[in-house]
Amino acid sequence: MLPDLSPWRSSADFRLLWVQGIVAILASSMAMVALPLQIKELTDSPLAVGAMGLVELVPLVVFGLYGGALADAVDRRKVILATEAGLAVLAVLLLGNAVLATPRLWPLYVVAACVSALAGLQRPALDSLLARIVPHEQQTAAAALNAVRWQIGMIAGPAAAGLVVAYAGHGTAYALTAAGFLGSALLCLRLSPAPPAQGADKPSLRGIAEGARYAWSRPVLLGTYAVDLAAMFFAFPNTIFPFLADELDAPWALGLMYAAGSAGSVLVSLTSGWTSRVRRHGLLVVFGAAGWGLAIAAAGWFSNIWLVLLCLAAAGAGDMLSGLGRSTIWNQTIPEHLRGRLAGIEVLSYSVGPQLGQVRAGGMAGWTGTRSAFWSGGLACLASVALLSAVLPKLVTYDADTDEEALRRKAQREEIPTA
């Protein structure tokens, strides 16, 4: 039941990336809390704060797709290093604006858009590097360890950031962000080079289209994207947590609502040793997403705040199981020369789904009520997962021991020594 530490023992680069990731998450958490709070203080407008999400979405999608093509064409270590350094520079710009006698509003939106663009460029390079530095049979364990890192960072980082902003101000938070990204960049310098495959093409629209055609030709991959997109669109209710807390007469529990999903994810990650023995990763994707939808629906049915929190934790656990299955399928079946572009397509699923899901949840809550927005979204998630499983049966029947693409990638991977 304990986490499988094989990737940590077998790959020095994995250890470096794991530590670098913790540093980067803690650094970004400072800005993630300080930036919207500063916009709120300057405008006292919920619309102005919400507009930051729209400012971030387009650069994330556009540069995420381009970043996927870039990751297949250049040394992935250089992409990660350059974007970490760029994020440090942007944090310095936020610091400079914060120490002005009258901080300006427009630089906050510009920097938010630039941060989103750099994140889009970096994410495919990071995601596609995992399959190269970790042995084929350890991909699920590596995904679980990365999940532990992410959840620890996302629980500790915002909590620490809130204290820093409250007691030391926005400037201190931005200074810590800059220092963290600088430290992360220095760690990246120690990574082994990750050059592109021989004969790799330059980044282009044609290359991006080639990756999309490959994804479309693989029902298993298509199923992972579609299930995740459907689950997030129909059952991502974070934006209406404050309204649910008011209806349950428990405003004190709002923070716990936001943390409950992460708590459930951490519990799965810390007891994930058994997932290394799973071969039917498509079933993990399907059952995890279905569990997410069922738990969100149940959160809308219950009136007891503690049962609601338990449901949200169960939803986080389901999402983690689905994520482990998706990550393993991607890293065990996608060809090396297309891995970056497919990771770029993944950016669409993890960014567009939650953004549109919050719009759906808010609109449904305004139309039919907060509780019904939860349970109707959860049931719609369950129905969509069932439909996609029927339409794309190869996702359900996927087996790492018999899938041709997985076996081909395993044979190729065994010819490349682990860093």
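Here is how the numbers come out for the structure above:
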item	result
Those residues of segment 283-322 whose amide nitrogen sits under 17 Å from the label point placed on Asp249, 7 Å along Cα→Cβ	302-308
Residue with peak Gaussian network fluctuation, the chain [Cα springs, cutoff 10 Å], from Leu321, Leu256, Leu70	Leu256
Cut-off of 10 Å, at most 16 other beta carbons, DSSP loop: longest stretch of the chain lacking such GluC sites (Glu not before Pro)	1-413
Charged-residue dipole, Cβ positions (Lys, Arg, Asp, Glu), the chain about Cα centre, Debye nearest 20	580 debye
Centre separation in Å (Cα based) which lies between segment 228-294 and segment 80-115	32 Å
Apportionment of accessible area to carbon and sulfur, the chain, percent (1.4 Å)	70 percent
Highest-fluctuation residue, Ile334, Ile208, Ile39 considered, GNM on the chain with Cα pairs under 10 Å	Ile39
CD proxy at 222 nm, helix term only [per DSSP H run n ≥ 4: -39500 (n - 2.57); per residue of the chain; nearest 500]	-27500 deg cm²/dmol
Accessible surface, the chain, averaged per residue in Å² (probe 1.4 Å)	43 Å²
Extension gain, Trp216 back to Glu137 (0.36 nm per residue minus Cα-Cα distance, nm)	25.9 nm
Linear extension gain, Lys78 paired with Leu2, 0.36 nm per residue minus alpha-carbon span	23.9 nm
Extension reserve of the Thr368-Trp301 stretch, reckoned as 0.36 nm per residue once the Cα distance is removed	22.7 nm
FRET efficiency for Arg408 and Thr102, using Cβ-Cβ distance with R0 set to 60 Å, rounded to 0.05	0.50
Span-like helix ranges in the chain, DSSP H, alpha carbon extent 15 angstrom or more, Kyte mean at least 0.5	12-43, 46-71, 76-98, 106-133, 139-168, 170-188, 219-234, 254-270, 281-301, 305-333, 370-391
Cα gyration tensor shape for the chain, rounded if a/c is under 1.5, else prolate or oblate	oblate
Under 19 Å from the Cα of Lys78 - lysines, other chains or at least 8 residues apart	Lys202
Separation of the Ala51 and Ala386 label points, Cα + 7 Å toward Cβ, nm	4.4 nm
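The values are calculated or read from the model by the stated rules, or taken from the named source; none is laboratory data. In this text, all values refer to a predicted model and were calculated from it rather than measured experimentally. Cβ atoms come from the backbone with ideal geometry, glycine included; neighbour counts cover every protein chain shown. With ligands, DNA and RNA removed, areas are computed over all heavy atoms of the protein, side chains included. Shrake-Rupley method; radii C 1.70, N 1.55, O 1.52, S 1.80 Å.
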